[in-house]
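Each remark here refers to the structure printed beneath this line.
The values are calculated or read from the model by the stated rules, or taken from the named source; none is laboratory data. As the structure is a computational prediction, the values presented were derived from the model and not from experiment. Every residue, glycine as well, gets a Cβ built from its backbone with ideal geometry; the counts of neighbours run over all protein chains shown. The protein model used for the area step is the full one, side chains on, heavy atoms only, and it has no ligands, DNA or RNA in it. Shrake-Rupley method; radii C 1.70, N 1.55, O 1.52, S 1.80 Å.
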Amino acid sequence: MSLKNLNVTKTHNLALKLSNKKIKDLFKKFEKNFQIKENFAVAISGGPDSLALAFLTKIFALKYNLICKYYIVDHRLRRESELEAKKVKKILRNFAINLEILTWRGKKPLSNIQSLARKKRYKLLFSECKSSKISNLILGHHSEDLIENFFIRMIRGSGLRGLVSLEKKTTINEITLIRPLLEFEKKQLEYISNHVFNFFVKDPSNENINFTRIKVRKIIEKFKNNGLKNDKLSLTLKNLKSSDQVIKFYTEQNKKQNSYFDKKNKRLILNEAFFKTPYEVVFRSFSDSLKNIGGNYFSPRGKKIDYILQLIQKRAFKKETLANCIIKKVNQTVIIAKEY
């Protein structure tokens with residue numbers, strides 16, 4: 001891609017980075033994986049992964065004449081976070097990338113910090129996307145994130161869907177999350193960040209072993225030192241994803257054939273056959289139903305879903321609330337309505 005093709009003089013210093021053959025080849029790989037034709041938003045953290053994503057998406061947006069919005073969430077969990085966000089904004093501005101800072105205001109949690117911060121981050125990002133009428137949110141997860149996520153979910157006792165939960169595309173509340181870097185290694189993204197911006201934020205929480213993700217990251221490093229190869233883990237994940245697709249197919253069939261949305265009363269009716277399919281299909285179908293009716297970004301905890309499903313199977317179920325939903329048993333059907 002030449003500067004003439006970009007046709008944007010303000011970003012000539014950004015486009016010039018493509019004169020580096022390695023960066024140009026990485027952009028071509030990104031372009032092949034991305035293939036989007038609609039306007040989109042990009043979540044930035046300031047780390048090397050997200051800054052590389054900022055560069056790649058900006059070049060892509062210029063080439064295909066798309067509108068791209070950039071957001072960074074300042075969680076205010078560390079004293080330095082505000083200054084870091086402003087610094088990232090300033091650096092990106094030098095490359096005609098306009099970054100908007102979204103701030104998490106209010107009281108902060110004392111426990112389960114990373115999980116709650118993640119939920120708040122998505123809530124802020126989704127809100128901005130909907131305000132801008134953008135339905136595609138681009139995230140910077142890469143191949144090592146897939147492996148870390150696999151181990152974290154395995155430790156938590158997750159099922160198949162949890163183990164392969166980082167997918168290239170996922171739709172939540174009419175917002176499509178897209179992860180175009182899943183085939184990229186972290187070192188490739190660091191190379192882009194260093195050669196394009198000569199900068200990235202070093203988050204001290206990445207060294208805090210009190211966080212589960214950091215513990216897992218160190219465990220993986222030990223495995224690698226003893227011969228564990230990323231390509232073998234990637235093959236395992238690929239095989240698991242294939243199995244997951246089969247269950248997804250039957251889950252969608254179950255929802256389509258055995259549930260009905262009552263538009264007048266705004267409630268979802270699940271017939272008796274809904275609960276007669278294999279348990280994993282029932283579990284996913286029920287979880288999806290709660291998420292859609294409750295309007296949540298994420299599904300409720302598996303233990304809570306298991307508890308209610310067991311009550312339904314034992315015919316000891318009358319009424320429960322979960323995930324902003326009221327769940328009632330009426331004769332042989334289960335009715336899910338939003339809790340107001």
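What the phi angles of segment 105-110 give under the Karplus curve with 6.51, -1.76 and 1.60, with θ = phi - 60°, is a coupling list of 9, x, 5, 9, x, 9 Hz, glycine and proline written as x. Available extension along the chain between residue 96 and residue 156 is 17.4 nm, counting 0.36 nm per residue and deducting the alpha carbon span. Net length available on complete extension from residue 103 to residue 242 is 46.2 nm, with 0.36 nm assigned per residue and the Cα-Cα distance removed. Along segment 282-292 the Karplus relation, 6.51 cos²θ - 1.76 cosθ + 1.60 evaluated at θ = phi - 60°, assigns HN-Hα couplings of 4, 4, 5, 4, 5, 4, 4, 5, 5, 5, 5 Hz to successive residues, with x for each Gly and Pro. Please work out how much length the chain gains when fully extended from residue 24 to residue 221, using 0.36 nm per residue of separation minus the C-alpha to C-alpha distance, in nm with one decimal. Contour length minus Cα-Cα distance gives 67.9 nm.
Residues whose amide H comes within less than 5 Å of that of residue 69, counting only those at least five positions distant or on another chain, are 40, 41, 42 (H built at 1.01 Å from N in the peptide plane). In this calculation the C-beta distance from residue 111 to residue 250 is compared with R0 = 30 Å, giving a FRET efficiency of 0.20. For the residue pairs 58/186; 168/304; 69/241, alpha carbon separations beyond 24 Å are given by 168/304; 69/241. Of all accessible surface on the chain at a 1.4 Å probe, what whole percent is carbon and sulfur? For the chain, the apolar C and S fraction of the accessible surface comes to 50 percent.
Note on residue 318 and residue 65: their simple-model spin labels are 6.5 nm apart, each label 7 Å out from Cα toward Cβ. Computed 3J(HN,Hα) for segment 118-133, one whole-Hz value per residue from the Karplus formula 6.51 cos²θ - 1.76 cosθ + 1.60 where θ = phi - 60°, is 4, 5, 5, 4, 5, 4, 5, 5, 4, 4, 5, 4, 5, 5, 8, 6, glycine and proline marked x. Amide H contacts under 5 Å for residue 74: 102, 103, 104, restricted to partners 5 or more places along the chain or on a different chain, H placed in the peptide plane at 1.01 Å from N. In the context of the full set of protein chains, residues of segment 203-327 present 64 Å² of accessible surface per residue (probe radius 1.4 Å, heavy atoms only). Close amide H contacts of residue 177 (hydrogens built in the peptide plane, cut-off under 5 Å, sequence separation of 5 or more or a different chain): 137, 170, 171, 172.
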